[in-house]
1. Conditions: (1) touching a Leu at 6+ places or on another chain (Cβ under 8 Å); (2) under 30 Å from A:Ser177 (Cβ atoms); (3) touching a residue at least 60 places away in the same chain (Cβ under 8 Å). B:Ile277 meets all but one. Number of the miss?
2. So A:Leu239 ticks every box in (1) of a type outside the set (Asp, Glu); (2) buried (at least 21 other Cβ atoms within 10 Å of the Cβ); (3) more than 11 Å from chain B (Cβ to nearest Cβ) but one. Which box is left unticked?
3. Assuming B:Gly143 fulfils every condition listed in (1) in a loop (DSSP other than H, G, I, E, B); (2) touching a helix residue (DSSP H, G or I) at 6+ places or on another chain (Cβ under 8 Å) apart from one, which condition is it?
4. Provide a single number: the residues in region A:92-106 that are farther than 20 Å from A:Arg41 by Cβ and in a strand (DSSP E or B).
5. Can you give me the ranges of the helices (runs of 4 or more DSSP H) entirely in region A:113-200 with at least 1 residues that are buried (at least 24 other Cβ atoms within 10 Å of the Cβ) and more than 10 Å from every other protein chain (Cβ to nearest Cβ)?
6. If you check every pair at least six apart or on different chains, which have Cβ atoms under 6 Å apart with a residue in region B:219-238 that is assigned by TED's automatic domain parsing to the domain that holds B:Ser131 and assigned to a loop (DSSP other than H, G, I, E, B) first and a residue that is of a type in the set (Asp, Glu) and buried (at least 18 other Cβ atoms within 10 Å of the Cβ) second?
7. Go through (1) part of a loop (DSSP other than H, G, I, E, B); (2) surrounded by 13 or more Cβ atoms within 10 Å (Cβ to Cβ); (3) not β-branched (Val, Ile, Thr) and name the single condition B:Ala256 misses.
8. Name the residue, out of B:Lys24, B:Lys18, B:Lys43, that is part of a helix (DSSP H, G or I) and modelled with pLDDT under 95.
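The values are calculated or read from the model by the stated rules, or taken from the named source; none is laboratory data. In this text the structure is predicted, and so the values were computed from the model without any measurement. Cβ placement follows ideal geometry from the backbone for every residue including glycine, while neighbour counts extend to all protein chains displayed.
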Amino acid sequence: MNNKSLSAWDRVMLARSIERPTSIFYITNVFDDFIELHGDRCFGDDASIIGGIGLLNGKPVTVIAEEKGRTVEEKTKRNFGSPHPEGYRKALRLMKQAEKFRRPIICFVDTQGAFCGMGAEERGQGEAIARNLREMMDLTVPVIAIIIGEGGSGGALAIAVANKVLMLENAVYSILSPEGFSAILWKDSSRAQEAAEVMKMTAEDLLKLNVIEEIISEPAGGAHLDKEAIAEAVKNCILSSLAQYEGKSPEEIAEERYQRFRKF
Amino acid sequence: MIKDIFNKKKQVWAQPNKSIVNTKVPDSMWIKCTGCKKAVYRKKIEDNLMVCPHCSYHMRLSAAERIRIIVDAGTFERFDFEDVVCSDPLNFPGYKEKLEQYSNTTGLRDAVVCGTGKICGHKAVICVMDSNFLMGSMGYVVGECITRSVEYATENSLPIIIFTASGGARMQEGIISLMQMAKISGALAKHNESGLLYLTVITDPTTGGVTASFAMLGDIIMAERGALIGFAGKRVIEQTIKQKLPPNFQSAEFMASHGFVDLVCERDKMKNLIGRILTIHGGGKHE
């Protein structure tokens, strides 16, 4: 099956597929070493965001990753990849730590969106996301974000204020799920397929809109059909993106990110 | 009974007018309070800053009304930003017509009015969102106008005050609306680094992408009494967790008790309070 012929809705289905490699797969297969670090130092530890330190081709990096989980048990533990405020606060804590030690930050984005629940509101979901947007803009180390599955709205953007945003060929990135979009605009969530086609949520559409810098090709039929190949492709893309920041000053790195988003 | 007369009148007012948001005051002598549902003499509530004299419910204000009661008379100078126009990035069916329709009913170009003005004698950059325009939603025009206003404040060493009122990011512009959240937050980061004051005044309603960006980034966050403030909509949360939410959930008072708002303020005290904050900040610039 040629990926080129896939509709936007086909890609939504692929991005959500239970077979699709999630963040844990990439963390295990892209980095030489990885140590997970826990907690936001305020309230708790959110398992829907994995954060930690590791080595990429021998060089230190900080990794932030939204993880949906694969099994029922793991999905429950990880809240299906929908973070609470403490997840975003943990991410920010580790990103500030990365800045202190001058490590590049690699973010894997894969979420339907930030969690919509009582606790999330009580603990300031909006504030947590807002703070990440502002603070990430100021980071003086390179930030590379890779959208590997679903990039759902503010919950995705909160770890994607990056110098370079890369996207897997069959991943999607949007303001809202196609179901939510059609429910709001057409009062009919069953028109999700139609919504997916008009939302410009595929990698190809987003490249044209300059929302992303690069598309990482997937094996025919999807990333899950040749995992070794996709891990290598992701690794190579991260390495070539990071190479562009060698010799750049901290101020240049932050300013480049600011200008990247200023153009919208 | 006088009460019966009111009840009869109510039938007339209850006719829905879909082209305008339900808080838009109908052009009649009487207004039904959104809070206590009592009929109030229009002039009386207008003289009371659109606050119900019976239950103190704060009705929503248009941007023009907000500017009139907060900014010193005759000092507001509006930024034109005439080159900022909506590009309709999704070519969304009916969107351009909808914008035109809202423009006609509200007299606004989009959901925010920006400019400079004085409050209690202190000059500031002021942005006021208007929920009458497509629920105050944020697309490119709103995002760009606010960003330019923040940049103007940074360049001219002025404090910025943003009155939020928004349903969040504008769906019709898709991902471009989402990007506005990062863009405005970036401009605010630079304003912040310059040692200047950013005051957020959250008014009813403020949700979604606006809450999750500039509404929550003020050095000081003030909320108008009773304002709805939240990230996710109530209905979405109830569907997600499959239980009813308590009535005051996501109110200004709820947010204050959870530590996300500095001050909950009544409308008649708001101008004075903003003035005092600006005075303490030396007019906004940290020397």
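1. If we test B:Ile277 against (1) touching a Leu at 6+ places or on another chain (Cβ under 8 Å); (2) under 30 Å from A:Ser177 (Cβ atoms); (3) touching a residue at least 60 places away in the same chain (Cβ under 8 Å), just (2) comes out false.
2. It is condition (2) that A:Leu239 fails.
3. All conditions pass for B:Gly143, except number (1).
4. 1
5. Output list reads A:192-198.
6. Taking only residues 6 or more apart or on different chains, the pairs are B:Ala227/B:Asp204; B:Gly230/A:Glu121.
7. Of the numbered conditions (1) part of a loop (DSSP other than H, G, I, E, B); (2) surrounded by 13 or more Cβ atoms within 10 Å (Cβ to Cβ); (3) not β-branched (Val, Ile, Thr), the odd one out for B:Ala256 is (1).
8. B:Lys43
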